[in-house]
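A quick write-up on the structure given underneath.
The values are calculated or read from the model by the stated rules, or taken from the named source; none is laboratory data. Values in this document were obtained by computation on a predicted structure and should not be read as measured data. Positions of Cβ are generated from backbone atoms using ideal geometry, with glycine treated the same way; all protein chains shown enter the neighbour counts. All accessible areas refer to the heavy atoms of the entire protein, side chains included, with ligands and DNA or RNA removed. Shrake-Rupley method; radii C 1.70, N 1.55, O 1.52, S 1.80 Å.
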Amino acid sequence: MTSTQQRTELQNQIWKIANDVRGSVDGWDFKQYILGTLFYRFISENFANYIEGGDESVNYASLPNNVITPEIKDDAIKTKGYFIYPKQLFVNVAKNANDNPNLNTELSAAFSAIESSANGYPSEQDIKGLFADFDTTSNRLGNTVKDKNSRLSSVLKGVAGLNFGKFEENHIDLFGDAYEFLISKYAANAGKSGGEFFTPQSVSKLIAQLAMHKQEKVNKIYDPAAGSGSLLLQAKKHFDAHIVEDGFFGQEINHTTYNLARMNMFLHNINYDKFNIALGNTLIDPHFGDDKPFDAIVSNPPYSVNWIGSDDPTLINDDRYAPAGVLAPKSKADFAFVLHCLSYLSPRGRAAIVCFPGIFYRGGAEAKIRKYLVDGNYVESVISLAPNLFFGTSIAVNILVLSRHKTDNKTQFIDASGLYKKQTNNNILTYDGENNHIEQIMKVFDSKADIAHFAKCVDNEAIADADNDYNLSVSSYVEAKDTREKVDIKSLNAELKTTVSKINTLRSEIDKIVAEIEA
């Protein structure tokens, strides 16, 4: 089955499940049950494969729970980070789901047992609360236990019906594709809360390549606004797993999305000891200060959100913000995320950050922060993208690439706003075939060549002069191509002269005919 066929089957199956539970869990909240069930199936199969160890004579799902010794359980938790008894496996729960009057409570008990199995082990914080948003007793599933069980059964049976073989051998990103599909279908309800926490896969590919460009290996990769983990995982997909030596780090403020990010790590076979996703507000309560610096940073922080800013007088002394001498405006935290990323970046690293375009030309504190970035020679590239690439917003965003190892005093500007392919309600960047948008951007990013109407490298002195005043808008330096039709005035006049002559001749002939009729 090709990737296109797998993606189509996944979408059809999800929509079928959505129709089965419609009227209760209808809309954006439905994602918790689909994504949670995908995760439950994956870790069950992954765990069973681990216990069986490739021995085809062993079928873990068919074993009784009482054959599991404390030694087996202890060893499994130390390796996998959690434990699932045979009767708690997805395949066993889904098999009898239609006829189980206690499905919702047994499912809840299974989730609780999986989470609590890690208590007292190093993986405890990575497993704790993973199923917190999969509420099997919620009235959204129905007012009666029977209704709840009926809808839970529909979701379990639907996910069980996905016939893709082993999850890790799929041609598509099941979790990411499911998330994108749900956002697209429930865009009106998802709105900002959907797109804000998920970076489309095509944009994620570009950001990962920018951050890790020409680095044979990185110590670790970090996202301070991790969302569902899609950006971190693109780094894993783009490079061999071993290139990221010490793992994947991220912080997320939204509790539901924080759970999704941790699920996503497991779904991509990143073991608990190779990722660290923290819950909290990056700007005022940052984690991983002891783990910095990072060789690669990727991020799509929320656009122009409020933050405490100058209302907290201690922040101006924070080592992340102090070097700029000013804090980002309280109503626009964009540059607070940028300065945070720069502070966590290693001397050999790059950060690729999705940014709202307004921060590159507005005045006030933002202009002062741009001055700090340009004078410090930290800005490698500013890339403008096409509109409507993201869910929940049609804004044409920019990617800011920061570097601490530039070899010149120039800043590159790339106008990639014309690179996109229309797909359903959104645009995408293509990444294969002849018209490969990401390849086009990466080629000029690498060469730093000047290309008319597409890319230009500008001396930092020119950016700082009075005319530009540290403006970093791509349109200020890359002249847009004039797509207006050119008119040849001489040729047009000649055509008009001929046309007028023909009109005069026709009038003369008409006058003769009229005169003959009247005679």
Completion exercise
Computed over all unlike Cα pairs, the Kirkwood hydrodynamic radius of the range 384-519 in Å stands at 19.8
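Can you tell me the mean projection area, over all orientations, of the convex hull of the range 318-371's alpha carbons? Units nm², please.
Over every viewing direction, the Cα hull of the range 318-371 projects on average to 3.9 nm².
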Exercise for the section: Could you list, in their original order, any pairs among K330/K406; K128/K292; K237/K410; K292/K332; K95/K274 whose Cα atoms are separated by more than 29 Å? Expected result: K330/K406; K237/K410; K95/K274
Problem - Descending Cα extents along the principal axes, the range 210-249, whole Å - result: 26, 18, 14
Practice task
May I ask for the Kirkwood hydrodynamic radius of the range 299-402, worked out over all distinct Cα pairs and given in angstroms to one decimal?
Solution key: 14.1
Handout entry: Rg ratio (alpha-carbon, reference 2.2 N^0.38 Å) - the range 372-430
Key = 1.38
Exercise for the section: Grab the Cα-Cα distance for K78 and E518, subtract it from 0.36 nm times how many residues apart they are, and report the gain in nm with one decimal. Expected result: 147.4 nm
Problem - Shape metrics for the range 460-519, restricted to C-alpha atoms - Rg then Dmax, Å - result: 28.0, 85
Practice task
Over the range 241-301, consider all pairs of different Cα atoms and compute the Kirkwood hydrodynamic radius from their mean reciprocal separation; express it in Å, one decimal.
Solution key: 12.4
Handout entry: Net dipole in debye of the chain [+1 Lys, Arg Cβ; -1 Asp, Glu Cβ; about Cα centre; nearest 20]
Key = 680
Exercise for the section: On each of the three principal axes of the Cα atoms of the range 45-85, give max minus min coordinate, whole Å, ordered largest first. Expected result: 24, 20, 14
Practice task
Whenever you get a sec, compute what percent of the accessible area on the chain sits on carbon and sulfur atoms (1.4 Å probe).
Solution key: 48
Problem - Sparse-neighbour loop sites [chymotrypsin sites (Phe, Trp or Tyr not before Pro); the range 28-89; at most 14 other C-beta within 10 Å; DSSP] - result: none
Handout entry: With at most 16 other Cβ atoms within 10 Å, longest stretch of the chain clear of loop GluC sites (Glu not before Pro) (DSSP)
Key = 246-433
Exercise for the section: Whole Å is fine, so just give me how far the alpha carbon centre of the range 73-136 lies from that of the range 448-514. Expected result: 66
Fill in the blank from the handout: Whole-percent tail of the Cα-Cα distance distribution for the range 213-337, cut at 17 Å, equals 58
Fill in the blank from the handout: Probe 1.4 Å, heavy atoms of protein chains only: per residue, the accessible area of the range 329-397 in Å² is 28
Exercise for the section: Pull out the extension gain between E495 and N49, defined as 0.36 nm times the separation in residues minus the alpha carbon to alpha carbon distance; nm, one decimal. Expected result: 152.7 nm
Completion exercise
Taking 0.36 nm per residue of separation between N269 and D467 and subtracting their Cα-Cα distance, the length gained on full extension comes to 66.1 nm
Handout entry: Global geometry of the range 350-449, whether rounded, prolate or oblate, following the gyration tensor of its Cα atoms and the 1.5 cut on a/c
Key = oblate
Problem - Dimensions (Å) - the chain, Cα atoms, principal axes, largest first - result: 111, 74, 45
Practice task
Once you have all Cα-Cα distances for the range 210-279, histogram them in 10 Å bins from zero and send the whole-percent values.
Solution key: 21, 58, 20, 1
